[in-house]
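Presented below is the structure to which this report refers.
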Amino acid sequence: AQFKPNLPIEIKKHKGHWEFLKDQLGASQISENSYQVHYNLGMTYRNKGLFNESKREFDECLKLRTDDAHLYLALGEVCIFLGKLDDASKYLQHIYELDFESAQCANALGVVHCLGGDFNKAIEWFQKSLALQTNFAASLNNLGICKSIQKKVGEAIEYFKKAIATGNSDAGFNLGMYYVNEGNYENALKLFSGDTADEYFGKGLVFVEQSKDDEALEFFKKTVSLKPNHAGAYYNIGFIFTKLGKFKEG
């Protein structure tokens with residue numbers, strides 16, 4: 001399943017994470033023993049892509065409460081980002097012991113199995129997610145990914161299209177990449193018609209496949225202007241410069 005964490009932010013300017021919390025949440029007086037403070041800080045770090053810091057705060061929450069399903073969901077998702085799939089599964093399964101169900105939790109368990117290579121089990125969880133919440137965008141996209149891996153192209157395309165209809169941009173990128181691989185550049189460009197980093201990257205790949213190096217280079221440069229640590233864009237920029245014999249620039 002496709003996860004695209006936000007770029008980490010620069011936190012050196014903050015004296016410590018409590019000052020960071022005040023700055024982020026506008027809290028004038030906070031207690032370091034407050035469950036909600038740790039939880040809010042964990043979510044703030046999570047949304048900034050600082051997953052180790054996020055888990056640290058959620059671990060502090062566990063010292064104060066062990067009955068909050070939303071905390072276990074947050075821990076499970078952060079562990080997925082950190083690649084700790086066994087821990088993620090443990091936290092997510094614990095949610096069901098609390099007699100709590102949600103489409104987001106079922107989707108997260110599907111992601112654990114998908115990343116672990118058990119696509120049939122992943123599909124079961126993604127479908128359970130959709131049973132709990134019809135048109136849950138992430139699960140539709142993830143079903144498209146699983147079906148694509150299983151070479152069930154027709155089903156994959158249908159799931160991607162359903163996810164796109166809900167506004168899921170990852171599904172648009174995934175379907176666009178399918179069209180690129182199939183040589184259907186016209187349909188790919190329709191899906192990469194926006195001005196996000198991923199769409200610029202997709203356009204660059206289309207032009208690379210057509211050996212239109214100047215056009216490709218333009219879009220890869222636009223990609224890194226919006227997402228400075230986009231490894232794929234830098235790789236392709238280097239590839240094009242090397243191909244053109246511009247070794248110093250590459």
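Descriptive notes on the structure:
- Per-region count, the range 167-210, residues modelled with pLDDT of 95 or more and on the phi > 0 side of the Ramachandran plot: 0
- Scanning the range 142-172 for residues that are under 23 Å from D118 (Cα atoms) and touching a Gly at 6+ places or on another chain (Cβ under 7 Å) turns up N142, A156, Y159, F160, A163, A171.
- Residue within the range 99-121 that is free of Cβ contacts under 8 Å to residues at least 24 places away in the same chain, over 26 Å from N52 (Cβ atoms) and of a type in the set (F, W, Y) present: no
- Per the listing N181, N174, N229, the residue uniquely in a loop (DSSP other than H, G, I, E, B) and out of contact with any His (no Cβ under 8 Å at 6 or more places or on another chain) is N229.
- Filter result (surrounded by 14 or more Cβ atoms within 10 Å (Cβ to Cβ) and not β-branched (V, I, T)) within the range 153-166: E155, A156, E158, Y159, F160, K161, K162, A163
- For the range 87-100, a tally of residues being in contact with a Leu (Cβ under 6 Å, 6 or more places away or on another chain) and either part of a loop (DSSP other than H, G, I, E, B) or small (G, A, S) (or both) returns 0.
- Some residue of the range 138-159 being hydrophobic (A, V, I, L, M, F, W, C) and either under 25 Å from D68 (Cα atoms) or assigned by TED's automatic domain parsing to the domain that holds R65 (or both): yes
- Subset of the range 174-194 that is touching a residue at least 24 places away in the same chain (Cβ under 8 Å) and over 23 Å from L140 (Cα atoms) - its residue that is surrounded by the most Cβ atoms within 10 Å (Cβ to Cβ): Y185
The values are calculated or read from the model by the stated rules, or taken from the named source; none is laboratory data. All of these numbers come straight from a predicted model, not from anything done at the bench. Note: ideal-geometry Cβ built from the backbone for every residue, glycine included; neighbour counts use all protein chains shown.
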